[in-house]
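Notes for the one structure printed next.
The values are calculated or read from the model by the stated rules, or taken from the named source; none is laboratory data. Predicted model only: the values in this text are computed from it and were never measured. Note that we place each Cβ from the backbone using ideal geometry, even for glycine, and neighbour counts take in every protein chain shown. Ligands, DNA and RNA are excluded from the accessible area calculation, which covers all protein heavy atoms including side chains. Shrake-Rupley method; radii C 1.70, N 1.55, O 1.52, S 1.80 Å.
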Amino acid sequence: MIRHIVLFKFKPGVSWDDPRAQEAERVAAKVGSEVPELHEWSVGRNISGRPIAYDFAAIGLLGDEEALERYLVHPFHQEAIRLWREISDWVIADLEE
């Protein structure tokens, strides 16, 4: 199993008041129900006020590296990427479980 973790940090001038951020959040929440390779999917806004904190996280569980590759190119996931790319930078980690 692979735990896929993505942390998003808004670009300067973007906040949760921005309709683009709200749309990106809405689409990200639906990725788990739209991408069949995901066994688990969790998203949420950061609640920490620390300066090093990221603004949003997405965490998924996939069966293997092949499932991860299919997830990465899935059209719904690609739409989520497009929305987040416009408003944020992100980091990822893929962990074997």
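For the reader, a short list of remarks on this structure follows.
- Loop-located chymotrypsin sites (Phe, Trp or Tyr not before Pro) across the range 1-79 with a Cβ neighbour count of 12 or fewer within 10 Å are W16, with loop assigned by DSSP.
- P(r) weight above 15 Å for the range 42-97, C-alpha pairs, percent: 60 percent
- The Cα trace of the range 7-62 gives Rg and Dmax of 12.3, 35 Å, the first to one decimal, the second as a whole number.
- More than 22 Å apart - percent of Cα-Cα pairs taken over the chain: 25 percent
- Which of I81, A93, Q22, positive extreme of dipole for the chain (C-beta unit charges): Q22
- Rounded to the nearest 10 degrees, the inclination of helix 75-87 to the longest alpha-carbon principal axis of the chain is 20 degrees.
- Charged-residue dipole, Cβ positions (Lys, Arg, Asp, Glu), the chain about Cα centre, Debye nearest 20: 500 debye
- With the helix formula -39500 (n - 2.57) applied to DSSP H stretches of n ≥ 4, the chain reaches a computed 222 nm mean residue ellipticity of -12500 deg cm²/dmol.
- Taking the chain as a Gaussian network of alpha-carbon nodes connected by springs under 10 Å, the highest mean-square fluctuation of the residues V31, V43, V73 belongs to V73.
- Surface share of carbon and sulfur [accessible, 1.4 angstrom probe, percent] for the range 1-77: 56 percent
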